[in-house]
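These notes are about the structure you will find just below.
The values are calculated or read from the model by the stated rules, or taken from the named source; none is laboratory data. In this text the structure is predicted, and so the values were computed from the model without any measurement. Counting neighbours? That spans all protein chains shown, and the Cβs are built from the backbone with ideal geometry, glycine included.
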Amino acid sequence: MSARIPRFTHAGVTDAEISVHPFATEDGLGLQLTRFRRADCDDVVLLVHGLTMASDMFIMPEHRNLVTHLHDEGFTDVWAVDFRMSNRYPYDLETHRFTLDHCALYDHPAALAELRRHIGDRRVHVIAHCLGAVTFMMSLYAGTVEGIASVVCNSVALTPRVPRWSRYKLAYGPTLAEYVLGFPFLDPRFGEAPPLTRGWLLSRLVSLAHRECDVRACHMLSFMWGSGRPALYEHRNLDDATHRRIADICGGVGVHYYRHVHAMVEAGRAVKYDRRDRRFAALPDDYLAAAGEVSTPALLLTGDRNRVFGDSNLVCHARLQLAAPGRDELQVLPGYGHMDPFLGKEAHVDVFPTMVDFIKRKAA
């Protein structure tokens, strides 16, 4: 597409009734669900974005998107949540101390409560990406959400693993960013900042190490996440319009989230960030501790060129198989990376049918 695509547009879904449903969390944040309803159906799908992204990743107008694909496959009542990690809100461009535990305890249970208020006891299937997948699985395995028929997790689930360079960035980056450079958040739009400002200078410095394309936001995202040139996807999998507007799709991120991811990487599994914090007493210290008691089947997806979370879902599948043999499935996507299973221009051919097949089998 040659014309610029507006930010936060619903133009990618043209043949459904679209409604927005605000809700609040117990810790005082206003969040929202967006409903894309073509018709009522027995199996409702809830889409969960990743950190720095938003519900927009599921409704991109430049190619066949996941919401439209689900509608055409008979899942005609699709919902997408924008939880506190969404770039539709100012929360990640503020100084905060949110962790993944906040999402597991506050966001996903509140979203499901609002969803149930509208759909009743119909079956709910979840498709989640990145740290949206991690935090939703944390909720599921902690018992703060129940009654989920199936869940699809892209890239990572309950055993985050990252490349060595990413491990260094997770260990030292937040302190360096906040206390030395004065950045409480990192933003792929730093390249658009006024010349000689700190953000502009950081973007130019990062671009010196990334000659693979001419999109500075793409370079910044590789710096923010993963290890590679680029780190988040294979360039050839993206439509040019997607590549050019990648900062619209992936926004800024508060660096404190990295500290919790680092704690999980060091532990080798999803763990509570601060066991002394009484607010999170209802959450387990180890989210895999009761893995054998969960009845919801999961499909763990990962691209074979995942340079953000590497083999995380392969390891997670092996762990879950020990806890509950045969409950969960694994699918490796040839030629795909971390985000392109959703953003890719051919994802509707290469990836979406795998998700739909799994959901249909679990809905039967």
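Apart from one condition, Glu234 fits all of (1) touching a residue at least 24 places away in the same chain (Cβ under 8 Å); (2) of a type outside the set (A, V, I, L, M, F, W, C); (3) farther than 15 Å from Ser155 by Cβ; the exception is (3). Here is the figure for the stretch 32-51: residues that are closer than 20 Å to Arg245 by Cβ and over 8 Å from the mean Cα position of the chain (by Cα) total 2. Meeting the requirement of 2 or more residues that are in the same structural domain as Ile249 (by TED's automatic domain parsing) and of a type in the set (A, V, I, L, M), the helices (runs of 4 or more DSSP H) wholly within the stretch 89-177 are 164-175. Count of the stretch 41-87 residues, restricted to those that are in a loop (DSSP other than H, G, I, E, B), of a type outside the set (Phe, Trp, Tyr) and modelled with pLDDT of 95 or more, is 21. No other residue among Ala111, Ala142, Ala104 is over 28 Å from Leu238 (Cβ atoms), crowded, with 22+ Cβ neighbours inside 10 Å, more than 17 Å from the chain's Cα centre (by Cα) and small (Gly, Ala, Ser) apart from Ala142. Select from the stretch 257-274 the residues that are among the hydrophobic types (A, V, I, L, M, F, W, C) and surrounded by fewer than 19 Cβ atoms within 10 Å (Cβ to Cβ) and list them in ascending order. Those that are among the hydrophobic types (A, V, I, L, M, F, W, C) and surrounded by fewer than 19 Cβ atoms within 10 Å (Cβ to Cβ): Ala263, Ala267.
Among the residues of the stretch 202-222, at least one is of a type in the set (Gly, Ala, Ser), under 30 Å from Arg269 (Cβ atoms) and within 25 Å of the chain's Cα centre (by Cα).
Contact annotation: residue pairs with Cβ atoms under 9 Å, 6 or more positions apart or on different chains, pairing a residue in the stretch 45-60 that is assigned by TED's automatic domain parsing to the domain that holds Leu93 and free of Cβ contacts under 8 Å to residues at least 60 places away in the same chain with a partner that is outside any loop (DSSP other than H, G, I, E, B) and of a type in the set (D, E, K, R), are Ser55/Asp82.
The rows are residues; the columns are (1) within 18 Å of Phe98 (Cβ to Cβ); (2) basic (Lys, Arg); (3) out of contact with any helix residue (DSSP H, G or I) (no Cβ under 7 Å at 6 or more places or on another chain).
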{"site": "Gly199", "(1), (2), (3)": "no, no, no"}
{"site": "His219", "(1), (2), (3)": "no, no, no"}
{"site": "Phe223", "(1), (2), (3)": "no, no, no"}
{"site": "Thr242", "(1), (2), (3)": "no, no, no"}
{"site": "His260", "(1), (2), (3)": "yes, no, no"}
{"site": "Asp277", "(1), (2), (3)": "yes, no, yes"}
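Which residues, taken from the stretch 330-349, are in contact with a strand residue (DSSP E or B) (Cβ under 7 Å, 6 or more places away or on another chain) and surrounded by fewer than 20 Cβ atoms within 10 Å (Cβ to Cβ)? Within the stretch 330-349, Leu330, Gln331, Val332 meet the criteria.
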